[in-house]
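Colleague: Attaching a single structure in structure tokens format; questions to follow.
The values are calculated or read from the model by the stated rules, or taken from the named source; none is laboratory data. No experiment lies behind these values; they were computed from the predicted model shown. Glycine also receives a Cβ, built like all others from the backbone with ideal geometry; neighbour counts cover every protein chain displayed.
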Amino acid sequence: MKPAAALSLDLDNLWSYLKIRGDERWREYPSYIPTLVPLALERLARSGQRITFFLVGKDAEREENRDALRAIVRAGHDVGNHSHHHESWMHRYSPEQVREEIAAAENAIAAATGVVPRGFRGPGFALSPAILTVLAERGYRYDASTLPTFIGPLARAYYFRHSKLDAAQRAERATLFGNWRDGLLPNRPHRHGGGGLLELPVTVMPGVRTPFHVSYLLYLAAYSRAAALAYFESALALCAWTKTMPSLLLHPLDYLGRGEAPGLEFFPGMHLQGEFKRAFVDDVIGTYARRFDVGAMDDAAEAAA
Ligand SMILES: [Zn+2]
């Protein structure tokens, strides 16, 4: 029997990337969900893979996204809560703001899809004691907001270099993608404060703690596809060897290539052809499923508990 593993996709929309970057066009909530979701669902169906889609409340509220979001549930996938406004500084919210934010997203997602989310992932891996308290109060089964790597500040530096933020916006985003100390957080499923809420971290390479989520693998694949897959195989072998349950993360831009996400050309890997990326993602998922019993986050929470 193969050990359990998780696969999820954070449905970050076009506007949320523009917002983090300080691009005012985000205010009209431009969306690629109606085209992106059918594309992702078709690829996942082909590999017979069920995953969790972490949805943003604001997207669930908007009529133009409804059909696509319903299709996710109709295809048998799991849905999680990825906040309402997708603000990566959510860990700085007051407890009252956190309460409103999580409830608003939950209600919007339930109204759009008919499913009440029971798992949460903070935007930009944001997590705070207030967030954990509210999740426990509302009966969530797990949180999935940690990325236990040392290299968060490098990702932040890249983002700042490619954005037009003023001093106040930079201050708001001062801890975007975390702190080097995140590399000391556990890499395995665990309970917060001993017996508290279950945490399912986005797994990093055991030992060296470098990321291996799919966007990172694609970044490597732009230089060498074979090296990127070999790196992924090593990460999985190390997870198996150290008995670390892997949780692999996908992003919409893993499915979209050159010319398919106008406005996001600044993003790493956006010079690659869409079909190259999609075929690579299929290979990654195939490799993953050969070694592990890959399921959605709800299956992984069950296995971890
Ligand atoms: Zn996100």
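Colleague: So for segment 270-279 (the condition being in contact with a Leu (Cβ under 8 Å, 6 or more places away or on another chain) and of a type in the set (A, V, I, L, M, F, W, C)), does at least one residue qualify?
Modeller: yes
Colleague: May I pose another question? I'm trying to understand the selection: among the residues of segment 34-67, which are within 13 Å of the ligand (Cβ to nearest atom) and acidic (Asp, Glu)?
Modeller: Hit for segment 34-67 is Asp59, nothing else.
Colleague: Quickly run through segment 254-279 and pick out the residues that are under 17 Å from Arg225 (Cα atoms) and surrounded by fewer than 15 Cβ atoms within 10 Å (Cβ to Cβ).
Modeller: Correct list: His271, Gln273, Glu275, Ala279.
Colleague: Between Ala226, Ala167, which is farther than 29 Å from Trp26 by Cβ, of a type in the set (Gly, Ala, Ser) and without any contact (Cβ under 8 Å) to a residue 60 or more places away in the chain?
Modeller: It is Ala226.
Colleague: Taking the stated definitions as given, is Arg43 over 15 Å from the mean Cα position of the chain (by Cα), assigned to a helix (DSSP H, G or I) and not hydroxyl-bearing (Ser, Thr, Tyr)?
Modeller: yes
Colleague: Another question, then. Identify, from the list Glu100, Glu64, the residue that is within 23 Å of Gln169 (Cβ to Cβ), assigned to a helix (DSSP H, G or I) and of a type in the set (Asp, Glu).
Modeller: Of the residues listed, the single one that is within 23 Å of Gln169 (Cβ to Cβ), assigned to a helix (DSSP H, G or I) and of a type in the set (Asp, Glu) is Glu100.
Colleague: A follow-up question, please. Do we find that Arg70 is at pLDDT 95 or above and more than 16 Å from the ligand (Cβ to nearest atom) in this structure?
Modeller: Working: at pLDDT 95 or above: yes; more than 16 Å from the ligand (Cβ to nearest atom): yes.
Yes.
Colleague: Which ones in segment 1-13 are crowded, with 22+ Cβ neighbours inside 10 Å and not in a strand (DSSP E or B)?
Modeller: Matches in segment 1-13: Leu11, Asn13.
Colleague: If you don't mind, there's one more thing I want to ask. Out of (1) modelled with pLDDT of 95 or more; (2) surrounded by 16 or more Cβ atoms within 10 Å (Cβ to Cβ), what's the single condition that is false for Tyr216?
Modeller: (1)
Colleague: Then there is this: Every residue in segment 275-292 that is of a type in the set (Lys, Arg) and over 20 Å from the mean Cα position of the chain (by Cα), please.
Modeller: Initially, segment 275-292 is screened for residues of a type in the set (Lys, Arg), giving 277-278, 290-291.
Across segment 275-292, the qualifying residues are Arg290, Arg291.
Colleague: When only residues in segment 14-31 that are hydroxyl-bearing (Ser, Thr, Tyr) and either farther than 16 Å from Asn65 by Cβ or within 12 Å of the ligand (Cβ to nearest atom) (or both) count, which is surrounded by the most Cβ atoms within 10 Å (Cβ to Cβ)? Steps first, please.
Modeller: Going residue by residue through segment 14-31, those that are hydroxyl-bearing (Ser, Thr, Tyr) are 16-17, 29, 31.
From the residues that got through so far, the ones that are either farther than 16 Å from Asn65 by Cβ or within 12 Å of the ligand (Cβ to nearest atom) (or both) too are 16-17.
Values: Ser16: 26, Tyr17: 23.
Looking at residues that are hydroxyl-bearing (Ser, Thr, Tyr) and either farther than 16 Å from Asn65 by Cβ or within 12 Å of the ligand (Cβ to nearest atom) (or both), I get Ser16.
Colleague: What do you reckon, is Thr175 of a type in the set (S, T, N, Q), in contact (Cβ under 8 Å) with a residue 12 or more places away in the chain and closer than 20 Å to Tyr142 by Cα?
Modeller: In short, no.
Colleague: Would you pick out the residues in segment 73-102 that are of a type in the set (A, V, I, L, M), buried (at least 20 other Cβ atoms within 10 Å of the Cβ) and more than 12 Å from the ligand (Cβ to nearest atom)?
Modeller: Val79, Val98, Ile102 - these are the residues of segment 73-102 that are of a type in the set (A, V, I, L, M), buried (at least 20 other Cβ atoms within 10 Å of the Cβ) and more than 12 Å from the ligand (Cβ to nearest atom).
Colleague: Just one of Arg209, Arg170 is of a type in the set (Lys, Arg), outside any strand (DSSP E or B), at pLDDT below 95 and more than 26 Å from Ala305 (Cβ to Cβ); which is it?
Modeller: Arg170
Colleague: If you check every pair at least six apart or on different chains, which have Cβ atoms under 8 Å apart with a residue in segment 134-159 that is at positive phi first and a residue that is surrounded by fewer than 19 Cβ atoms within 10 Å (Cβ to Cβ) second?
Modeller: none
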